[in-house]
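Peer 1: Take this structure, written in structure tokens, and hold onto it; I'll ask about it next.
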Amino acid sequence: MRRRSLLFAALPAGLVTIAGCGDGGSSSGGATKTPSPPASAPSAAPSPKIVEGPLPAITAGTKFGEKPTVAKGSGTPSKDLAVKTVIAGGGRTVAENDFVQAHYLGQVWGTGKVFDNSYDRKTPLLIQLSQGSIIDGWRYALPGKKVGSRLLMAVPPTWGYGPQGNSRAGIKGTDTLVFVVDVENTFNAKSSAEGKAVAQNDAALPKVGTETGAKAPSIDVPHGKPPAGLVANYVIEGNGPKVAADNTVLVQYKGVLWDTGKEFDSTYGRGQLASFSLQQVVKGWAQGLTGKKVGSRVLVVVPPKLGYGDNPPAGSIIKKDSTLVFSVDILAKM
């Protein structure tokens, strides 16, 4: 079982709900079997003052991407949020509400005890910098920093786990937390596939546009009967790692009905990316995206038996035994 990061403030909320589809693509709808869990209550803490220290030293693993060793905190930590850029990157700038992909190590100031790190898991964290999704220390510290940067920060309880602490991690309500964060990538509503366009020569299949950016790609559905089986073809082939069946993916997508070509759901219309586990979606999505490369745009044609069959979402324009057509940009995986 994949271990869940301790950084989540609660289970991620409503990042994608492709279960109940609206009739115009502005509401969430499409491929999840069950609703997303609720987020934690909004934080009542005020915005922190960000200071440069004090901060303990990184004593080993000092290069970007290396697992660091951090000294125990000395003296009394600041009551403010301490943030230092140890290595300055030159990539895109992280913004509030972005999804960030980062490796990290976290330990307790007073004891030096490491309570969590992604380096040993060999999988960077992928999470949105939004209220209720992650501890506030990260939400305030990362915006404005550039991809490729290594940050060192000390997070007081006010912007960490609060007075209740985190008993599972052995964190007390009075503990200041020290993090090293390697910012690998950042994504927002303008993010899209990056790769080489692949010829779409089968006249019996839909054609998906190769335009990138914030605008939704076109999907032209041909006249005629839909394929009986699942179709999952590259439109743009990226060069990232392949998606595994148990991964969580970050995507842009658009879905239309084969019969009418009418859009029933789209992240582009909402202006918000979608993140979900492939173990929590309909079979057509899970099978279609497994094995595809990060950075790709994929045409996915989902037959009824791998979609909703005779049980479409209530209130949706999806009818019984509908074939669904998707354009899916795979931005990242975890």
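Each reported figure results from applying straightforward, stated rules to the coordinates on display, with no laboratory input. Keep in mind it's a predicted model, so treat the numbers as computed, not measured. As a convention, Cβ positions derive from the backbone with ideal geometry for all residues, glycine included, and neighbour counts pool all protein chains shown.
Peer 1: Mind checking which of Pro124, Pro54, Pro163 has the largest fluctuation in a GNM of the chain, springs on alpha carbons under 10 Å?
Peer 2: Result: Pro163 has the largest fluctuation of those listed.
Peer 1: Right, next: Per residue of segment 91-102, what does 6.51 cos²θ - 1.76 cosθ + 1.60 with θ = phi - 60° give for ³J(HN,Hα)? Whole Hz please, x for Gly and Pro, Karplus curve as stated.
Peer 2: So the Karplus estimates, Gly and Pro as x, are x, 4, 8, 6, 10, 4, 6, 5, 8, 10, 10, 8 Hz.
Peer 1: Describe numerically, in nm with one decimal, the distance between label points set 7 Å from Cα along Cα→Cβ at Asp202 and at Lys225.
Peer 2: A separation of 1.5 nm, rounded to one decimal place.
Peer 1: Tell me whether segment 196-333 comes out rounded, prolate or oblate; compute the Cα gyration tensor, take square roots of the eigenvalues as a ≥ b ≥ c, and use a/c under 1.5 as the rounded threshold.
Peer 2: rounded
Peer 1: Listing His223, His103 from the residue with the fewest other Cβ atoms within 10 Å to the one with the most, what is the order?
Peer 2: His223, His103
Peer 1: Tell me, what is the percent relative contact order of segment 234-334, built from C-alpha pairs under 8 Å that lie six or more residues apart?
Peer 2: Normalised by residue count, the contact order of segment 234-334 is 39 percent.
Peer 1: Sum -39500 (n - 2.57) across every DSSP H segment of at least 4 residues in the chain, then divide by the residue count to get the 222 nm mean residue ellipticity, nearest 500.
Peer 2: Dividing the helical sum by the residues of the chain leaves -1000 deg cm²/dmol.
Peer 1: Related question: What ranking of Leu230, Leu278 emerges when the number of other C-beta atoms within 10 Å of each C-beta is taken as an exposure proxy, fewest first?
Peer 2: Least to most surrounded, the residues fall as Leu230, Leu278.
Peer 1: Defining a contact as two alpha carbons under 8 Å apart and six or more residues distant in sequence, what relative contact order in percent does the chain show?
Peer 2: Dividing the mean separation by the residue count of the chain yields 19 percent.
Peer 1: When the Karplus curve 6.51 cos²θ - 1.76 cosθ + 1.60 is applied with θ = phi - 60°, which whole-Hz ³J(HN,Hα) does each residue of segment 288-299 get, with x for Gly and Pro?
Peer 2: So the Karplus estimates, Gly and Pro as x, are x, 8, 5, x, 7, 8, 4, x, 8, 10, 10, 7 Hz.
Peer 1: Hey, can you grab everything whose amide H is under 5 Å from the amide H of Asn97? Only 5+ residues off in sequence or another chain; H modelled, so Pro and N-termini drop out.
Peer 2: Leu129
Peer 1: Would you work out the charge dipole size for the chain about its Cα centre, treating the Cβ of every Lys and Arg as +1 and the Cβ of every Asp and Glu as -1, and quote it to the nearest 20 debye?
Peer 2: 600 debye
Peer 1: Right, here's the next one. Of the options Gly144, Trp285, Val181, report the single residue whose Cα projects farthest towards the positive end of the charge dipole of the chain (beta-carbon charges: Lys, Arg +1; Asp, Glu -1).
Peer 2: Ranked along the dipole, the leading option is Val181.
Peer 1: Oh, and also: Could you compute the net charge surrounding Thr290? Neighbours are other residues with a C-beta less than 12 Å from the C-beta of Thr290; K and R count +1, D and E count -1.
Peer 2: Net of charged neighbours comes to +4.
Peer 1: Under the rule of at least 5 residues apart or a separate chain, name every residue whose amide H is placed under 5 Å from the amide H of Asp116.
Peer 2: Answer set, sorted by chain and number: Gly106.
Peer 1: Tell me, what is the FRET efficiency for Lys146 and Asp259 to the nearest 0.05, using R0 = 45 angstrom and their Cβ-Cβ distance as r?
Peer 2: 0.45
Peer 1: Using 0.36 nm times the number of residues separating Asn97 and Ser47, minus their current alpha carbon distance, what extension gain do you get? All intermediate terms of the calculation are to be shown ahead of the outcome.
Peer 2: Working: separation 50, 0.36 × 50 = 18.00 nm, distance 1.52 nm.
Taking 0.36 nm per residue and subtracting the Cα distance, the gain is 16.5 nm.
Peer 1: Another question about this same structure. Using a simple charge model, +1 on the beta-carbon of Lys and Arg, -1 on the beta-carbon of Asp and Glu, nothing else, what dipole does segment 196-333 show about its Cα centre, in debye to the nearest 20?
Peer 2: Details: 16 positive and 11 negative charges, 34 e Å.
The dipole magnitude comes to about 160 debye.
Peer 1: May I have the count of lysine pairs in segment 50-187 with C-alpha atoms under 13 Å apart, counting pairs 8 or more residues apart or located on different chains?
Peer 2: So the count of such lysine pairs works out to 5.
Peer 1: Ranking request for peptides 66-72, 199-205: highest mean number of other beta-carbon atoms within 10 Å first, then the rest in descending order.
Peer 2: Packing order, densest peptide first, comes out as 66-72, 199-205.
Peer 1: Connecting C-alpha atoms closer than 10 Å in a GNM of the chain, tell me which of Lys207, Lys292, Lys122 has the biggest fluctuation.
Peer 2: So, out of Lys207, Lys292, Lys122, the one fluctuating most is Lys122.
Peer 1: Can you list the residues, at least 5 places off or on another chain, whose amide H is less than 5 Å from the amide H of Gly61, using H built in the peptide plane?
Peer 2: So Gly61 has HN proximity to Thr69.
Peer 1: Modelling each spin label as a point 7 Å along the Cα-to-Cβ direction, I'd like the Lys215/Thr290 distance in nm, to one decimal.
Peer 2: Reported label-point gap for Lys215 and Thr290 is 3.6 nm.
Peer 1: Then there's this: Rounded to the nearest 0.05, what FRET efficiency do Thr59 and Ile87 give with R0 = 22 Å and r taken as the Cβ-Cβ distance? Could you check?
Peer 2: Calculated value: 0.90.
Peer 1: So, one more: Against the empirical 2.2 N^0.38 Å scaling, what ratio does the C-alpha Rg of the chain come to?
Peer 2: 1.08
Peer 1: Fewest to most neighbouring Cβ within 10 Å: what's the order for Ile219, Ile50, Ile318?
Peer 2: With the sparsest Cβ surroundings first, the list reads Ile50, Ile219, Ile318.
Peer 1: With θ taken as phi - 60° and the coefficients 6.51, -1.76 and 1.60, list the Karplus ³J(HN,Hα) couplings across segment 47-63 in order, rounded to whole Hz; mark glycine and proline as x.
Peer 2: Karplus-based 3J(HN,Hα) across segment 47-63 equals 4, x, 7, 9, 10, 8, x, x, 9, x, 8, 8, 9, 7, x, 8, 8 Hz.
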